[in-house]
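First comes the structure, then the notes that go with it.
Where a number appears in this text, it was derived from the coordinates with a stated rule and is not lab data. This one's a predicted model, so the numbers in the text were calculated from it and none came from an experiment. No Cβ is skipped: glycine too gets one built from the backbone with ideal geometry, and neighbour counts run over all protein chains shown.
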């Protein structure tokens, strides 16, 4: 249908598992498939343990040693990353696809100046004369620090604020002009004001650099007005995917619905000073409480049916762009 | 605080090594120069007050004479004081092995002054101690450098690449740890020709002691590498396309610096002792070149052991060197730990 021809990234049936000491494998991702168009922003939503970070790491094959991609393919610009050799992989990482980690204070080298850390990324991918390298580093840093590029460049990470460190990481990630940035909860460790600031940086980058982005978060509010499409993960499976406006405004999967209900709304004051409990989803999503058969959300689902316990639902397209994996929508 | 302690130990060690490195200047005589008329002379004490109670600003010693009523007991000949002369010209030597010189810190006028006494050939023990330190400490340095080089190589490769390579290298290291290394030294030394030139023997010893000791530092370094490579910034750098070589060289190895320095400070005295053990057994640097080992090997003879107590003095003088190294090692370790704790707490600040 022509769509696959233009897709920047096509993930097909990705399965990832972690081996534990006893040799028992834990399935972290099961049959994840999605596509990303050039310049598109995909928001990945999910709670802890849903496989968000595993997804981010497996796209660049940066899983920890006990993690294993057991099945599937990750086609990036037509090449399968899962089949790429180590040299080819190093050429892609940081140059074509950049990964931004959650914790900016840990992702930067503590005894290297910020400018140097950006320079090293450039130097790893492009053999440029020293002077050009220096100038390019300055330019890259200036895109995220329009005002105090010089000072930041000469600072060590511990001299910078959380937001500034995250900006340095962003500078590293855009240094080589990638076509895809994967941001794994880039704002999770920042305070709300800084979160919005960093989100603004991402937004302006997108306008300037024509980047595709996979933005991973547990906070649906961050995706509103920012992401083009939203993908919801639960228990390592896609439960809902669709255009951001549709999914965020009218979620269809029982999990997505329940999740959005449990986001606090600070502006909605209960009348008469009454206290209203925030609706929460009963149960938890620990690996041990996921059912071995049927829909992973079945034990916690308010709308469960007998069928839910017997087999796993598949993604069913509803409407133009939205797809949901729930038997309620099976015709 | 730890920094100040560290500097103090460094200054002590620098001073002690300065004496050894400039042995030519600080020792009054050539260490190989014999004086068969004065064998096993006891140490001469420095005096400032003469028998009449007069204070002299120039220190002096008394020569030894035989007590008239005994065949072999000596006493100080207070009638003929020998004043110490400072900055005198004496035996030729090469300072630092390069610059020819003949200036000595002190010396006698015409009779030799032997502060630590003399040995069976009438050689000045003080000069032999300082010159012997050059050989022994250099052997310790080079041996430790070789060991740490091997240990770092094995440890970082094992820790970084993990898996089968790690298993194989670590089992091999355990084999080395399990070997009784002293006997291994004997065996290694025994297979090599017995009569070798002093220089060859010197390098042989360094090679032998350097090659057997790598397992322990190797394992320590592996541990540091294991934790270093799991740091988030290493993962992040890998995500930006860093090669293994870059990560090892720029992110992982710098973290091992603390352990390597501490290990060096522990290994150097250990290897000096190993050299002494070999020399003591006659497998080290051969005479007439002095080393701390063959300085003490005289003590193998019972007669020396009981009659000439001053032959022990070199052993006593080595103690400050070893203490200095151990003090340095412990303050280095403390510093490394503080640094680690600081870094760990830094991670929590956003």
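Sort largest first and round to whole Å: the equivalent ellipsoid semi-axes of the protein assembly as shown, each the square root of five times a Cα gyration tensor eigenvalue.
After diagonalising the Cα gyration tensor, the semi-axes are 75, 26, 22 Å.
When a/c is below 1.5 the answer is rounded, else prolate if a/b is larger than b/c, else oblate, so apply that to chain B with a ≥ b ≥ c taken from the square roots of the Cα gyration tensor eigenvalues. Cα axes put chain B in the prolate bin.
Rounded to the nearest 10 degrees, the angle from helix B:313-348 to the longest Cα principal axis of chain B is 20 degrees. The alpha carbon gyration tensor of the stretch A:81-151 gives principal lengths a ≥ b ≥ c with a/c of 1.5 or higher and a/b no greater than b/c, which makes the shape oblate. Compute the acute angle (0 to 90°) between the alpha-carbon long axis of helix A:162-174 and the principal axis of greatest extent of the alpha-carbon atoms of chain A; round to the nearest 10°. So the helix axis and the longest Cα principal axis differ by about 80 degrees. With neighbour counts taken as other beta-carbon atoms within 10 Å, the residues B:328, B:146 rank, fewest first, as B:146, B:328. Placing a label point 7 Å from the Cα of residue B:303 along the Cα-to-Cβ direction, the residues of the stretch B:79-120 whose backbone N falls under 18 Å from that point are B:118-120.
Of B:222, A:131, B:67, how do they rank once you tally other Cβ atoms within 10 Å and put the fewest first?
Values: B:222 24, A:131 8, B:67 11.
Least to most surrounded, the residues fall as A:131, B:67, B:222.
Computed over the Cα atoms of chain A, what is the ratio Rg over Rh, Rh following Kirkwood? Provide the component values of the computation, followed by the final result.
Numbers: Rg = 21.0 Å, Rh = 21.2 Å.
Rg/Rh: 0.99.
Taking 0.36 nm per residue of separation and subtracting the current Cα-Cα distance, fully stretching the chain between residue B:277 and residue B:85 would add 65.4 nm.
For the peptide B:176-185, the mean number of other protein chain Cβ atoms found within 10 angstrom of a residue's Cβ is 0. Exposure proxy ranking for A:256, B:111, B:52, based on other Cβ atoms within 10 angstrom of each Cβ and starting from the fewest, stands as B:52, B:111, A:256.
Per residue of A:103-110, other chain Cβ atoms within 10 Å of the residue Cβ number 6 on average. Each part gets one Cα centre, and for the stretch A:25-68 versus the stretch A:104-155 those centres are 28 Å apart. Looking at chain A alone, DSSP beta bridges between its own residues are antiparallel in about 60 percent of cases. Between the stretch A:282-318 and the stretch B:139-173, how many Å separate their Cα centres? For the stretch A:282-318 versus the stretch B:139-173, the Cα centre distance is 51 Å. Rounded to the nearest 10 degrees, the inclination of helix A:192-209 to the longest alpha-carbon principal axis of chain A is 70 degrees. Centre-to-centre, using Cα atoms only, the stretch B:244-283 and the stretch A:173-218 are separated by 46 Å. Under the classification rounded if a/c is under 1.5, otherwise prolate if a/b is larger than b/c and oblate if not, where does the stretch B:44-114 fall, given a ≥ b ≥ c as square roots of the Cα gyration tensor eigenvalues? It comes out oblate by the Cα gyration axes. The calculated FRET efficiency for residue B:96 paired with residue B:165, based on their beta-carbon distance and R0 = 45 Å, is about 0.55.
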